[in-house]
Each structure stands twice: as structure tokens, then as C-alpha cells.
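The values are calculated or read from the model by the stated rules, or taken from the named source; none is laboratory data. The structure displayed is predicted, hence computed values, not measured ones. Neighbour counts run over all protein chains shown; Cβ positions are idealised from the backbone, glycine included. Protein only, heavy atoms only, side chains kept; ligands, DNA and RNA dropped before computing areas. Shrake-Rupley method; radii C 1.70, N 1.55, O 1.52, S 1.80 Å.
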Amino acid sequence: MKDPFSRLVNEQKLDDHALRARLLEGARRGYAPLRKIFVQRPNTEASRSSVLADMVRSRQERALDALLLEGGDFIWAAGPLAKGSNLCHGTGGNGYAFLKLHRRTGDALWLDRAQAFAMTAVAQFQEARDAFGQGRYSLWTGDVGLAIYLWDCLSAEPRFPTIEVF
């Protein structure tokens, strides 16, 4: 199997200010390249901790924001998931990343993207219901989770079930 990240390369290191400015510009045009270091670490790395964990521990807010913006662009570039509308590995679950970015940045672009994923999720829900003649009645893999995601898109409040709600 071909490595899906083989074409990604680490870019020249930028200072936090330059990196954030480049990522924000990329977000406005709809795409920012995801660097290989954000996705995987070499097997020879002494510490296998994630880049995100390193940023949180060292309180690198700008670097964390840059990573989150790149992740949002990565999800947008990949598009809605083919698996279905649900929260568990589905379009609704990925759409929550956009709602979280909207809350963190205040940028309406992320709410627009969350709502675009929501419309795709509705179409996926209808296709599945037509194909199987019934709905799916669970929070994570069914219509209940999708309904919560749709409500959160309307209210622009990312309240992912269990993490922020319970």
C-alpha cells in the first residue's frame, strides 16, 4: 500500500508569527498545506508524544492555533467522509472540528464549512435511509448524533455530546 503522506514534506521552519500569518492567509483561500510532522513522527524519535501534546505542555498558543488551523484545512481538503453522516468516523464528527475552530477564532469561514458538512450529512442520512428502509437510532453511529450536530450548526455552539455536555 502506498504511503498517503509520501508527497508531504516538512517545510522550512518559520517563526510563530510568520507561520500563523501564512496559515491564516491559507485558510482564507481555502487550503493550507499540512506538514508531515503534524501527522507522523519518525520511528527513531526518542519520545513518541504528539506534536499537539508538546505544544500544550510548553504553552505554545500560537503554534497550537496554527496546528488547529492546518488541521481544519486538512479536513476541508479531504472532504466529507464516505462512511456516512454519523459522529463516529463520519461527516458529522469531522464537522465538529469546524465548529470548534469557529468558536476559537470567531472566523465565519469555519461556521460556513461546518454548515456545508451538515448539508452533506443530511444527504448521506437520506441516502442511507432510502437504501436500508430505516434509520439508525444511536448517538455515535446513528441519526441522534446527526440531529445534535445539525442543532449545533444552527446555534453555532459546538457542544459535542459527552465532552462538553455531560
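Overview of results
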item: Members of segment 138-164 found to be at pLDDT below 85 and open to solvent by 60 Å² or more (accessible area, probe 1.4 Å), listed by number; result: Trp140, Arg159, Thr162, Ile163, Glu164
item: Considering residues of segment 75-103 that are in a loop (DSSP other than H, G, I, E, B) and in contact (Cβ under 8 Å) with a residue 24 or more places away in the chain only, the residue farthest from Gly135 (Cα to Cα); result: Pro80
item: Residues satisfying the stated conditions in segment 115-137, i.e. farther than 17 Å from Gly95 by Cβ and in contact (Cβ under 8 Å) with a residue 40 or more places away in the chain; result: Arg136
item: Residues located in segment 137-150, provided they are within 18 Å of the chain's Cα centre (by Cα) and in a helix (DSSP H, G or I); result: Gly145, Leu146, Ile148, Tyr149, Leu150
item: Out of Gln134, Gln126, sole residue that is assigned to a loop (DSSP other than H, G, I, E, B), out of contact with any Ser or Thr (no Cβ under 7 Å at 6 or more places or on another chain) and more than 28 Å from Leu64 (Cβ to Cβ); result: Gln134
item: Selection count, segment 123-137, where residues are of a type in the set (A, V, I, L, M, F, W, C) and loosely packed, with under 15 Cβ neighbours inside 10 Å; result: 3
